[in-house]
Amino acid sequence: MKIRTMKLREAHKSGDDGESSLCSILWAANGEHIVTASSSDNSICIHDVVSPSNAPKVLRNHREGVTALALSPNSTCLASGSLDHSVKLYKFPGGDFETNITRFTLPIRAVAFNKSGTILAAAGDDEGIKLVNTIDGTIARVLKGHKGSVTSLAFDPKSEYLASLDSLGTVIYWELQSGSTLHVLKAIAPNNGSDFSVMNILAWSPDGEMLAVPGLKNDVVMYDRDTAEKLLSLRGDHSQPICFLSWSPNGKYMATSGLDRQILIWDVDKKQDIERQKFSECISCMAWKPQGNALAVIDVMGKYGVWETAVPSTMKSPTEDIPCLYSKNSNGFLLFDEEDEPCASGNLSDLNEDSPGEFEPPSKKRLRKHSIYDDDLEDLNEELESIPRVESRKKASYGQKDNLNRKTGSRNMVASGGPKMQEAFQPGATPAQPGKRHFLCYNMLGSITTMEHDGYSHIEIDFHDTSMGPRVPAMTDYFGFTMASLNENGCAFANPCKGEKNMSTLMYRPFSSWANNSEWSMRFEGEEVRAIALGSAWVAAVTSLNFLRIFTEGGLQRHILSLDGPVVTAAGHKDELAVVTHISPALPTDEQMLEFRVFNIAHGMQPLRGRLPLTPGSCLTWLGFREEGHLSSFDSKGVLRVFTRQYGGGWLPLFSASKLKKPEENYWVAGLNASKLFCIVCKSPESFPQSTPKPVLTLLDLSFPLASSDLGADSLENEFIMTNMHLSRIQRSIEERAASGHDTTSLDDEAFNLETSLDRCILRLIASCCNGDKLVRATELVKLLSLEKSVRGAIKLVTALKLPNLAERFNDILEEKLLSEAVENTVLPVSTSNSNSSVKHDFASIMPLETSKASNGLVASPIHMLPSIRKRNAEEPTKDGSGKSEQKQTMASEKTNDLKITGKLNSLGENNKVMKVEQVNNSRPLNPFAKSSSNQESTSLFDSLKKMKKVDDKGK
């Protein structure tokens, strides 16, 4: 076989005095970027493969050399480990620094993501392997068992196992669900001692059936995934130990690098090397291109290159027929078990793969074990290649559990590469940051913070208003609480599954009680608390079994309900509890399918239930209640929505971050009231605040995301809609109080003030419409005015703007309103209900009438009839010569209007002429601007009209 050579170019400087270094290389999933790093250089380079002439993007966040790299499966997150003992996360391919996800006391040697990217494993010279939740940065588990430095980590593609290899050559199989060791294979790989320029490496085959480990005879040994039995070995022309190996994406080929400075490409099924390449230095890392036929390599001196056509072009491509590790469920969605949420912090308990049914075909692994020792059975091997690769026969108990989960539809992730279902979160909580204090809860009342130290945490509770009561003493947390809820009466805490018994804990701590020992806790074995909430004398917890558990303030288990899907979050306010759950997997458009339910705990009712709207492509980031008790939500696109009972129940978008046009700011919500959003402004890319120094609350005005108006009066239109919304809420409260027999005086006054403010806003909008020549819109607006004085003000306004036709229309509208009110008060007696004491605000508002007292009742009569208005308009001098004729036309119009009103009233019939209106004791008059008449005579409505007509005639 001809030995090929290729040239490499420098990516990183070599160590001092030309010493070799451990270098790393990765290929992004789309094949457009290559990432390199070196233990002698604190920088990470992101190379553009499409445009190689472009300078690489350099990340310099570590203080010392970078020893390990890992990319999440979807290539959106880059992890790096370093000699400075830290593990960092970056956005990819942008390279923006995200966070220090964890720290060790000694250098890091290996990092690896699981198939879903939700768990990052990190290890090095320390004793343990840390499994870190990438969503919130919590430590899910620490696996201990190695005696030497851990040099390689690999998650089983089915996410049942984690394999680790140390510098002494020992391999350990870890079961992810329990954290226990399944197999320990001692000294099966070369002992590299303290030489870290090359390290032992292991890798799972893409179908997850075999684990490849460098052998002691300059070979590669394959071990069974479940039994750890030796299956086969690849032995060829390597003259020195193998220091790196890499499976091709389809698992048919393997690339191996040895200390003999050459790379061999193997056909795994045939156990033969099919291609090789010689180098001037030892190759310390390799990566197959996800698409095509190429292999990226980097040597111990920091030089890298791409080996094009690593597999001979006459053979099957290394990216053809890549194994598929997911299956279809009954609903037609592609489910993908390894992406279930882990138990710790809600992420490790569901990581096991669905086991196959009892009658599934035998796995390729089992059949291959009978044929690997007989090279002559090639026909059988080819036949076996046609058998679908099926999932392993795991322990029956786990298989039954997963099959049950499949039937109940409790999976949390969809197929690889597809949209993910949002994980559960606690409103007001921030991700854990090693060595830093973070929030377990932050709301309008106060905050709860915690910081881990020496295996336990120190929790502090602070109120924004220190005058609320005695200071709550700090507490020591031995449970590892990751979420909390706070209200005026107490606080609740919960932690994920942990410990040998895999138990989750819920604890409630009241701030005051007549009893000495009023604090209580509950333990859940095999069940994990995902979200908690507090209300008036109750505590709620939603668990991984989709149970809603309600406890009393004293710890009595009161109710247990089954929810329809996995919980996303929960919030409480007085008697009401809101819970948000998934109703189905996310759509292919990356839209979350969420449902909200509101429970009234005191009455055992569910008054509200429906779909929770989200901005397309966003997820829910906050859920809570306004100070007035309205359910509210905030999504990752910066849109705030508040639930309203208008239109049969719907969500109003009351804030949109995009309208502020400040892309450099992110808003972390703490709460809201009727007009303001309380939030903490975080500078991008940060999406949550630090607990120290104490963050400053920012108040932002609530406003609808209106379209840009052709009037240029966006602020007025927003004020108009907001005031309408508040007025509708007040009127509904008046009706509810009146129906229950309560006094509505204070609400009546508030409604009147809102009506006045709304009319002022409408008048300004009418002026804008007139200036913008939008006269139809002005006519629509005048119909919405509540008070007669406001309508007259609108008439004066358009008259001053010299719009006589519009003034005439406004006069007609006022006439119709007065006539409609007159007819209503003549035919129907005034209601005695307090609920009618407020002016009903609707698209056809009814103008009130002035009432004159009588000995036995009130007689309704119109006030300031139209002729007087028009008379004032007519008396205004005109500059043109046609003024006299205009005056005559106006006078004639007045007489016509008088006759029109008189005729309409006469048509009501003789029996209704003198109808008297029963006097009522309203909390406020129907028309605040109307003056009460001192006339004590009982007169009819028709008489009042005739008297006003006479007054007008005299004035003429």
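Quick notes
- Cα→Cβ-extended label distance, 7 Å offset, between SER512 and SER313, nm: 8.5 nm
- Protein-only accessible surface at a 1.4 angstrom probe places the residues ASP299, ASP126 in the order ASP126, ASP299, largest first.
- With all protein chains modelled, accessible area of GLU127 [1.4 Å, Å²]: 130 Å²
- Local electrostatic count, THR256, Cβ distance below 11 Å [Lys/Arg +1, Asp/Glu -1]: -2
- Relative contact order of the range 437-701, pairs being alpha-carbon contacts under 8 Å that are 6 or more residues apart, as %: 9 percent
- Heavy-atom accessible area for HIS183, with the other protein chains in place and a 1.4 Å probe, reaches approximately 50 Å².
- Net charge of Cβ neighbours under 15 Å - reference LEU202; Lys, Arg +1; Asp, Glu -1: -1
- The distance between label points at THR589 and ASP773 comes to 3.9 nm (points 7 Å beyond Cα on the Cα→Cβ vector).
- For the range 22-308, the solvent-accessible area works out to 31 Å² per residue, with a probe of 1.4 Å and every protein chain left in place.
- Full extension of the segment from LYS637 to SER180, taken as 0.36 nm per residue of separation minus the current Cα-Cα distance, would add 160.4 nm.
- When the pairs LYS637/LYS662; LYS144/LYS186; LYS130/LYS186; LYS7/LYS270; LYS230/LYS271 are compared against a 18 Å limit on Cα-Cα distance, LYS130/LYS186; LYS7/LYS270 fall above it.
- Between amide H atoms placed 1.01 Å from N, distances below 5 Å from TRP520 occur with TYR508, all of them 5 or more places distant or on a separate chain.
- Average accessible surface for the range 713-818: 45 Å² per residue, computed with a 1.4 Å probe over protein heavy atoms with every protein chain in place.
- Fully extending the segment from ARG611 to GLU281, taken as 0.36 nm per residue of separation minus the present Cα-Cα distance, adds 112.7 nm.
- A convex hull fitted around the alpha carbon atoms of the range 437-701 yields 155 Å³ per residue.
- Converting phi to 3J(HN,Hα) with the Karplus coefficients 6.51, -1.76 and 1.60 and the offset θ = phi - 60°, the range 704-716 yields 6, x, 6, 6, 5, 7, 6, 8, x, 10, 4, 5, 5 Hz in sequence order, with x at every glycine or proline.
- With a cut-off of 15 Å between beta carbons, the residues surrounding LEU702 carry a summed charge of -1, where Lys and Arg count +1 and Asp and Glu -1.
- Integer Hz, Karplus 6.51/-1.76/1.60 couplings in order for the range 15-23, x for Gly and Pro: x, 4, 6, x, 5, 6, 9, 7, 10
- Residue-span extension gain [ASP749 to LEU819] - 0.36 nm each, minus C-alpha spacing: 22.5 nm
- Shape analysis of the range 22-308 places it in the rounded category; the axes a ≥ b ≥ c from the Cα gyration tensor give an a/c below 1.5.
- Label point at PHE97 placed 7 Å out along Cα→Cβ; residues across the range 11-55 whose backbone nitrogen lies under 13 Å: 43-44
- Separation in nanometres of the label points that stand 7 Å from Cα toward Cβ, at LEU545 and SER233: 5.0 nm
- Rounded FRET efficiency, nearest 0.05, which uses the C-beta distance separating THR76 from ASP710 and R0 of 35 Å: 0.25
- Cleavage-rule hits (trypsin sites (Lys or Arg not before Pro)) in the range 18-100: DSSP loop, at most 15 neighbouring Cβ within 10 angstrom: ARG60, ARG63
- Note on GLU808/HIS603: beta-carbon distance plugged into 1/(1 + (r/R0)^6) with R0 of 41 Å gives a FRET efficiency of 0.15.
- Of the whole protein surface, THR151 contributes about 10 Å² of accessible area at a 1.4 Å probe radius.
- Dipole magnitude for the range 1-126: computed about the Cα centre from +1 point charges on Lys and Arg Cβ and -1 point charges on Asp and Glu Cβ, it is near 440 debye.
The values are calculated or read from the model by the stated rules, or taken from the named source; none is laboratory data. Computed from a predicted model, the values in this text were never measured in an experiment. Every residue, glycine as well, gets a Cβ built from its backbone with ideal geometry; the counts of neighbours run over all protein chains shown. All accessible areas refer to the heavy atoms of the entire protein, side chains included, with ligands and DNA or RNA removed. Shrake-Rupley method; radii C 1.70, N 1.55, O 1.52, S 1.80 Å.
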